[in-house]
1. Return only the number of the condition from (1) surrounded by 15 or more Cβ atoms within 10 Å (Cβ to Cβ); (2) touching a residue at least 12 places away in the same chain (Cβ under 8 Å) that residue B:44 does not satisfy.
2. Just the residues that are over 19 Å from residue B:11 (Cβ atoms), polar (S, T, N, Q) and free of Cβ contacts under 8 Å to residues at least 60 places away in the same chain, please, taken from region B:61-81.
3. Of the numbered conditions (1) modelled with pLDDT of 90 or more; (2) more than 18 Å from residue B:215 (Cα to Cα), residue B:5 fails exactly one; give the number of that condition.
4. If you go through region A:17-59, how many residues are touching a helix residue (DSSP H, G or I) at 6+ places or on another chain (Cβ under 7 Å) and within 30 Å of residue A:180 (Cβ to Cβ)?
5. Has region A:111-128 got at least one residue that is buried (at least 21 other Cβ atoms within 10 Å of the Cβ), within 26 Å of residue A:43 (Cα to Cα), without any contact (Cβ under 8 Å) to a residue 24 or more places away in the chain and facing chain B (nearest Cβ under 10 Å)?
6. Name the one entry in B:302, B:307, B:336 that is touching a residue at least 12 places away in the same chain (Cβ under 8 Å) and surrounded by fewer than 19 Cβ atoms within 10 Å (Cβ to Cβ).
7. Of everything in region B:250-276, what is in contact (Cβ under 8 Å) with a residue 12 or more places away in the chain, exposed (fewer than 14 other Cβ atoms within 10 Å of the Cβ) and not polar (S, T, N, Q)? Give them in sequence order.
Amino acid sequence: MEVFSLLNPDIVALILTLKLALTTCVCLAFIGTPIAYFLAFSSGKLNPIIESIITLPLVLPPTVIGFYLIVFFSPDTMLGNFFILVTGEQLIFSFYGLVFASIIYSLPFWVQPLQSSFEKVGVKTIQTANTLGAGHFDTFFNIILPLCRRGLLTSFILSFAHTMGEFGIVLMVGGGIHGKTKVLAISIYDHVEQLSFGKAHYLAGGMLLLSFIILLTLYISNKNISMRVK
Amino acid sequence: MASLFVQIKGELGSFNIDFEHNFQSDGITVLFGPNGSGKSTLISAIAGFIQNIEIFISLNGTVLQGQKNIPSYKRSIGTMFQDPNLFQHLTVNQNLDFAIKRIKSENIKNYNITKIEIIKSLDLQNILDRYPVNLSGGEKLRVALARTILSQPSYLLLDEPMSALDIKHKAKLINFLRKYNREYKIPILYVTHSIEEISQISDEIVLILNGRFIENGPTSKILAGDHFQNLVGKFEASSVLEGFVSNIKKLYNLTTININGQYLIVPGKPGILDDFVRVRIRSRDVIITPIKINSYIAENILVGTILTIDIEKLSAFSELIVALENKENKENLQILRVRITTYNLKKMKLSINKKVYIYIRSVSIDRQAYQYD
């Protein structure tokens with residue numbers, strides 16, 4: 001944080017944003033991938049319920065999610081209490097609070113492309129690998145993941161971009177503390193509030209360009225991008 | 001002799017299956033039944049992919065499913081589904097290596113088939129570096145078969161593997177499977193609903209209908225039996241004659257087959273000299289007479305005795321089963337189904353045990369499953 005004070009506040013926000021997006025994606029790889037796998041290959045009665053819950057962030061106003069997260073993060077709850085025990089810090093208004101919130105609202109962006117990618121591999125291909133002597137982990141890492149690398153890239157890029165761009169939840173949960181929870185989207189908001197349109201232009205333009213480049217990369221590398229709201 | 005015992009009972013979705021049979025054969029057993037009769041379900045169960053219903057499976061005395069459950073990747077059963085299911089991200093060579101790397105150690109002693117041999121006999125030399133997306137349907141199938149065989153299974157399950165192949169490639173692959181089965185003594189359970197494939201490949205047939213075992217037995221007996229004929233419909237009813245190639249007339253492109261001392265001339269070249277071949281003859285293509293008539297009518301005149309006569313009350317036709325006269329191997333009874341009008345049956349005054357002359361025109365013989373040069 002010492003280094004941050006020497007830097008331009010906007011650069012600090014940029015670094016923080018990238019760090020948040022990357023951390024979120026790493027966490028999603030471990031959380032979202034098994035969920036996508038489960039949804040793709042199990043035909044359980046719970047599937048529609050799980051899918052609905054995961055897709056909720058796509059349809060809910062960010063303020064609703066933000067509100068519930070604040071309630072959920074408060075030191076009175078088990079999670080909030082546990083976090084204070086471990087780190088000595090409140091989960092709310094902290095970077096990890098942001099990561100936690102980002103995981104939840106970016107979950108559908110990780111799960112859905114990967115799920116449809118898993119479904120495309122098909123049960124028969126997996127069974128064929130099994131009959132050739134490959135166990136479950138062997139099949140997952142040597143057949144399914146390589147076949148789904150495009151789906152994985154799609155999941156990564158969408159989750160990354162979405163995390164970078166989120167505003168409402170981040171403001172409610174993080175509070176926009178400089179060097180800690182103030183991401184680019186909030187910086188732009190602050191600049192506009194202070195009527196410094198010039199600075200806002202730089203950041204907004206930068207975000208626009210970056211988002212366009214990200215999506216362009218995605219569509220060039222993968223023509224079958226699929227996002228569904230069931 | 002290999003023994004694969006399968007018992008499966010329960011509801012799968014809306015499908016009710018109740019099947020029990022001990023597959024006892026070292027040869028090629030064809031599992032035959034109409035679409036939706038449960039053939040693929042049975043294959044899936046043996047391979048280890050059906051868990052939630054009552055299943056007992058044992059292979060040569062070892063229980064695979066029942067009191068305990070050996071997962072599919074630990075069963076020494078090679079399975080090939082209808083679709084070749086090649087791994088798209090791997091080249092042909094890498095697909096083959098995938099299987100070789102995972103040979104179960106206890107299976108290595110089963111037999112020793114090398115990659116080089118199998119690549120040669122399935123003609124894969126020129127496509128080893130290609131990705132599946134650049135292969136034709138026939139090539140994909142051959143790669144899948146090679147891959148399954150290289151996993152060195154002690155039992156092979158093939159679920160309608162050739163439904164997408166043309167006749168020429170089918171015959172080649174059938175020949176390969178027969179040779180593989182004989183040389184390495186690996187029993188094959190082969191699912192199909194193609195009559196041509198059955199008559200060329202099977203040593204034994206197991207009939208399945210509506211999830212139930214119907215009957216089993218040697219190919220020619222089952223093909224001539226009522227269950228089978230009912231399944232395929234009377235119009236396409238047929239019988240299969242077996243014999244050895246005894247003469248090839250190159251000039252006329254004809255082949256003579258010795259069927260227990262009687263001779264059948266067929267078009268084309270179903271095999272080379274002394275090859276064992278089967279010929280399917282449709283019931284409606286056969287002419288029978290109680291007395292010998294002009295031999296110019298057809299290339300083939302065989303002699304036989306009427307075993308049964310079935311007069312169909314509701315149609316104009318009668319079905320006869322004729323046993324061919326046996327001049328060599330007395331054990332081997334060859335049966336011919338004949339379909340004629342009841343009017344003609346009465347006119348000729350045919351009855352059971354009567355000797356008849358059988359006329360078969362070579363042009364009417366089904367050439368579909370012959371092997372070409």
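1. (2)
2. Listed by number, the residues that qualify are B:62, B:67, B:69, B:72.
3. That leaves (2) as the condition not met.
4. Of the residues in that region, 15 qualify.
5. yes
6. Answer to the check: B:307.
7. B:261, B:272, B:273, B:274, B:276
Results for (1) within 20 Å of the chain's Cα centre (by Cα); (2) acidic (Asp, Glu); (3) buried (at least 23 other Cβ atoms within 10 Å of the Cβ), shown as yes or no for each residue.
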{"site": "A:133", "(1), (2), (3)": "no, no, yes"}
{"site": "A:144", "(1), (2), (3)": "no, no, no"}
{"site": "A:153", "(1), (2), (3)": "yes, no, no"}
{"site": "A:157", "(1), (2), (3)": "yes, no, no"}
{"site": "A:161", "(1), (2), (3)": "yes, no, no"}
{"site": "A:165", "(1), (2), (3)": "yes, no, no"}
{"site": "A:185", "(1), (2), (3)": "yes, no, no"}
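The values are calculated or read from the model by the stated rules, or taken from the named source; none is laboratory data. As the structure is a prediction and not an experimental result, all values here were calculated from the model. Neighbour counts run over all protein chains shown; Cβ positions are idealised from the backbone, glycine included.
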